[in-house]
C-alpha cells in the first residue's frame, strides 16, 4: 500500500532528526531539582510542536511535579470514545480514538565520565544517535509527533481521532499522570492507547509487547530490643533482628527460586501453548544471555520453566537492600534494635496486588521467630496486565509492522512493569498497543544511551501505517 | 588491717576528685580526627601526673594512632618479672611486678541533646559524677594513679614493682597497644596485670571478672550478576545476593539460638558445677533483665542454659548489618550485584579463633546456593580467656575487696571481649586481675555516662589494699 504520509516522512526525515536533536539537548532530568526548568522547557517545546503540526488544544496540565502535555485532534468521522466492539461495522463511518503516550523526562547521566560523547550533545555514530533520552523516550515520543505531522501534512487530516498525553515523571514514579488518569477526565476518552516506550526483541524484528508483570514493593521491618545493644554483653539472649530477618526471608523463597508463600501461585493464568511455542521460536539463547547480560556463574530460578517464562510469566520475589544496623568499614559490635528488608514481588496475569500482599503479609506474621515484632508495609503496587493478541488494534499494528519491517511481528512480554498501562486498563478500560522501537542494547538508564537511526525512521513509518490501518 | 596509704587516700579524696574532673574536661574522643590533639593532651597529663607522684620513666610511646603512656617503679625487693610460681617463698624477699592497664580515650558523645549536663563538663548529681569517660575509663585510670600516689606518698615506696601502660585507642580497636604487646618489649615484663575497665555485678558487690568471650568478626560477601540489574527484566533468572545471603544466614543459626556450623561446639570447656552454682546465687532476675535492659518481647537463645550462661559461657553468632543494595527511602527495583553481611561470633574458653573461623568459612562455602560466589573475610579476632580463681593475685584481690567492701567477692564473666587481656595472656604469659568499679547502669557508650562517687573512693582503696596484699 502506498502512503503519501510515509512519502512525506521520508522526504522530511533529515529535518525530523535535527528537531529530535534539539529536544535531546534539553537536560530534562526529572529526579534532579536543578533541572525542573528544563523539564518544563521540554514540555513547552512539545506542546508548541503539537500545535504547529495541526493538533488542537495543546497545553500543559499541571501536576504536583512536572507538567503533562496534552493535545488532540478529534475530527475523524464517528463518535470518539465509542467502544471498539460497537464499531465493528466501520462502513458506518465510525472511527476510533487513539491515546498516544510517551514521556519527555530522562534518567540522570552519572557516571558521566563513561560517556563517549556528552549526554546532552547528540552525536551520530555507527548508525546510532547517542544522547540521554534518545531511546528512552524522547526519540520515541518524537516518532509519534512526526507520524502525526506526516499524516496531517500529507492528508490534511488524521485517519482516526487522536489524543496525546505525555508525562515528565516516568523516571520518578509517574505519580502525576497516575492521579490524572485515576480521575478519568473527559480528555482521555479513547478506544486504545499507543504506548511508545518499549523495544524490539532483536534488531530488525518488529515486536509488540502484550504482557507486563505487576509488582508489590514492600518493606519488612523486624524489631527486637528497645535500643541497640552491645553484642558481647547481650549476644545469646537478646534477639537479633538481622538474624530473624534472614530466617524469615529464607522461608519466603527456596534455593530453586520457588516462592513458599502458601497460595501465592494459585491464581496464575499460564501462557497458552501457542504463546509458549512462539516464545520458543524467538532468537534467544539462555547461555548467551547469562554471559552477556547477567554475567553470573549460573542462571537461577524455577528449572522447569525457560528463562523467558521465568522473567515474563512467573512471579518472583527479590530483596533489594537491608537498611539499618552497622554498614561502615570495619567492625562494630552492635545488636541493632531493628532491621528492614526492601522486598518486592513481581506478579503475573491472574494475580492481584491486593491478594498477593495479603498472602505475603499473613505468612510473614505467621513465621516470624520468637522475640521480635514484624511489620510489613506496602510501598507501591501495580497490577499485571495482558493484552489479547486478537484485539482489533493489535491486529492493525501487526499489519502495519509487517509492511514496514517486512517481517511477521513477534509478541513478547516484559518482566518489568509499566504502571500507566495497568492504569489505562483499570481506570479507562482501554487496551494498550505497546509498540516501541528501542533495542535491548540501547543502554537506557546507563551511559552512552543510543537510539538506532533506522529505528527512528521505521518507527515513524510504523506509527503512520498503524494509524492508517486502525482507522481503515 | 590499718593502711597509712588508705588514710592518705581518704584525706586527699576531694583533691583526687577535682583532678579527675580536670582530666574529664579533655575531650579525648579517639575516633574523631578533630580530637587527635585532645587525646595527646590527655596522655601528656597522665604522664606528667605519674612523674609527679613518684613513678619513673614516664613517657609517651608513639603508635600509628594515639600514643601509649608508660611509667614504672621497680624498686621493690626481688627480681621483677620472675614467675610468681617460683616466688612462693616470699620470705626470700621476692616481690612480684604488676602491670597496670587502662585507657584514656573515650567514646563519642552523640546524641548530644540527650545529655542532661554537657559531656565534658563533669557534674556531681545524686552521688554520681556525670561526664563522658567518667566510668569508661578515665575514672578507673585515675583510681589506679591515685592508688599509686597514696602508697608512694604514705610509705615512700610501693609494696611491689609496678609498670603502668595506658592506651588511647581502646574505643577504636586498640591496634597500637596490641602491636606493642605483641612485640614483647622488656618494658612489659610483669607477673600479672591489673585491668581496671570492668564493673561490679551490682551496686556494693565486690566483683572480679575472671572470664571473657573471644570473638571473630567477619564479612560474608555474596556476589551474583556482574552489575546491578533491573528486577523487572531479570527477576526470576538472575541470582539475588540478598536472598542467597538470607538463605546462608538462616542455615548458620536456628530459631532456638543454636549455631548450626558442624563442630562449632566441640571444644567448649563448660563452667564447673561450682562456678555455675555461684552464678545461680548472683542477684540476677531474667525477667527484670528482659524488661529493663533488653526491652524485647521475649529473651531468645538456648533454652537449656540460663541467661548468664548464654551470655558468658556459650558462643553466639550475630549479624550487625548488611551493607550494599538499595537502602534509601521508597522503592528502587534493583537486583544488586552483591551483598555483604557483617557477622561475628563470640567464642568461649576451649574454642580458638582460628578453628572457629575455619569451621565457619568451610560451612558457608559448602552451603552457598547456586548462582552466587561467596567470600568470607576475617576482620578481627580475639581469643577467649579464663582466669583461674585460685591464682595468687586473684586471691590477694579477694582479700583486699572483702576488707574494703565488707563482702565476699563474686566471680563473674563477661560476654564481651577485652582483647588486651587475651594479648597479655598469649604474648606475655601473664594473668589479668580484672578489678573494675563501674556499675551496670553507668551508661558507658551512651548519653549521661556516670561514675558512682563512692565507687571512685572505694576503688582507690581497693587498689591500694590489693597491692599491699599482693606484695605481702
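Using the C-alpha atoms of the range A:367-472, what convex hull volume per residue, in cubic angstrom, is computed?
173
Please report how far the C-alpha centroid of the range A:96-137 lies from that of the range B:421-441, rounded to the nearest whole angstrom.
Cα centroid of the range A:96-137 versus Cα centroid of the range B:421-441: 65 Å apart.
Nearest 5 is fine: what % of DSSP beta bridges in chain B come out antiparallel, could you say?
65
Run the simple label-point estimate for residue A:375 and residue A:445 please: 7 Å along Cα→C-beta, distance reported in nm.
2.9
Return P(r) of the range A:289-360 (all Cα-Cα pairs; 5 Å bins starting at 0; whole %; ordered from short to long distances).
3, 12, 14, 17, 15, 12, 13, 9, 4, 0
Hey, what's the Cα Rg ratio for the range A:400-444 versus the globular rule of thumb, 2.2 N^0.38 Å?
1.42
Pop the C-beta distance of residue B:182 and residue A:124 into the FRET formula with R0 = 51 Å and round what comes out to the nearest 0.05.
So, using R0 = 51 Å, E works out to roughly 0.20.
Once fully extended, how much extra length lies between residue B:36 and residue B:22, figured as 0.36 nm per residue of separation less the alpha-carbon to alpha-carbon distance?
Between residue B:36 and residue B:22, full extension yields an extra 3.2 nm.
Pop the C-beta distance of residue B:59 and residue B:112 into the FRET formula with R0 = 35 Å and round what comes out to the nearest 0.05.
The pair residue B:59/residue B:112 has a calculated efficiency of 0.50.
So what is the calculated 222 nm ellipticity per residue for the protein assembly as shown, using -39500 (n - 2.57) for each DSSP H run with n of 4 or more, over all residues, to the nearest 500 deg cm²/dmol?
-9500 deg cm²/dmol
If you take every DSSP beta bridge fully contained in the protein assembly as shown, what fraction is antiparallel? Give it as a percent rounded to 5.
70
Can you tell me the alpha carbon radius of gyration of the range B:251-392 divided by the globular rule-of-thumb value 2.2 N^0.38 Å?
1.29
Give me the angle, in degrees from 0 to 90, between the Cα long axis of helix B:392-405 and the longest principal axis of the Cα atoms of chain B, rounded to the nearest 10.
It is inclined by approximately 70 degrees.
On a 0 to 90 degree scale, rounded to 10, what angle separates helix A:139-155 from the longest Cα axis of chain A?
20
Would you compute, for the Cα atoms of the range A:1-78, the largest minus smallest coordinate along each principal axis and list the three values in descending order, in whole Å?
That works out to 48, 34, 19 Å along the principal axes.
Between residue A:302 and residue B:390, how many nm apart are label points set 7 Å from Cα along the C-beta direction?
So the label points at residue A:302 and residue B:390 sit 6.7 nm apart.
Using only the alpha-carbon atoms of the protein assembly as shown, report the extent along each of the three principal axes, biggest first, to the nearest angstrom.
124, 49, 47
Between copies, how far apart are the residue B:266 label points? List them in nm, one decimal, shortest first, with each point 7 Å from Cα toward Cβ, please?
Distances between equivalent label points, in nm: 4.8.
Which whole-number percentage describes the relative contact order of chain B, with Cα contacts under 8 Å and a sequence gap of 6 or more?
25
Tilt of helix B:353-367 relative to the longest C-alpha principal axis of chain B, in degrees (0 to 90, nearest 10)?
That helix lies at roughly 10 degrees to the long axis.
Mind jotting down the three principal axis lengths of the range A:132-209 based on Cα atoms? Whole angstrom, largest first.
On the principal axes, the range A:132-209 reaches 34, 33, 22 Å in Cα extent.
Can you pull the one-decimal nm distance between simple spin-label points at residue A:255 and residue B:254, each 7 Å off the Cα toward Cβ?
1.8
Across the residues of B:287-296, average count of Cβ atoms on other protein chains within 10 Å?
5
Evaluate 2.2 N^0.38 Å with N set to the residue count of the range B:273-325, then give the Cα radius of gyration divided by it.
The reported ratio for this selection is 1.42.
Take every residue in peptide A:34-44, count the Cβ atoms of other chains within 10 Å of its Cβ, and give the average of those counts.
0
Return the average number of partner chain Cβ atoms within 10 angstrom of each residue Cβ along peptide A:414-421.
Mean shielding count: 3.
If eta is 0.692 mPa s and T is 37 °C, what Stokes-Einstein diffusion coefficient results for the range B:175-303, Kirkwood Rh from Cα pairs, in µm²/s?
The Stokes-Einstein estimate is 158 µm²/s.
So what's the Cα pair-distance distribution over the range B:327-387, bin width 5 Å, in %?
Binned Cα distances yield the sequence 3, 13, 20, 18, 13, 12, 9, 6, 4, 1, 0.
P(r) of chain A in 10 Å steps, Cα pairs, percent per bin?
The calculated distribution, bin by bin, is 4, 18, 27, 25, 15, 7, 3, 1, 0.
Could you rank the peptides B:460-469, B:263-272 by their average count of other C-beta atoms within 10 Å per residue, with the highest value first?
The densest-packed peptide leads the list: B:460-469, B:263-272.
Rule-based calculations on the coordinates, nothing more; no lab input. Nothing here was measured: the structure is a model prediction, and the numbers come from that model. Virtual Cβ from ideal backbone geometry, glycine too; neighbours counted across all protein chains shown.
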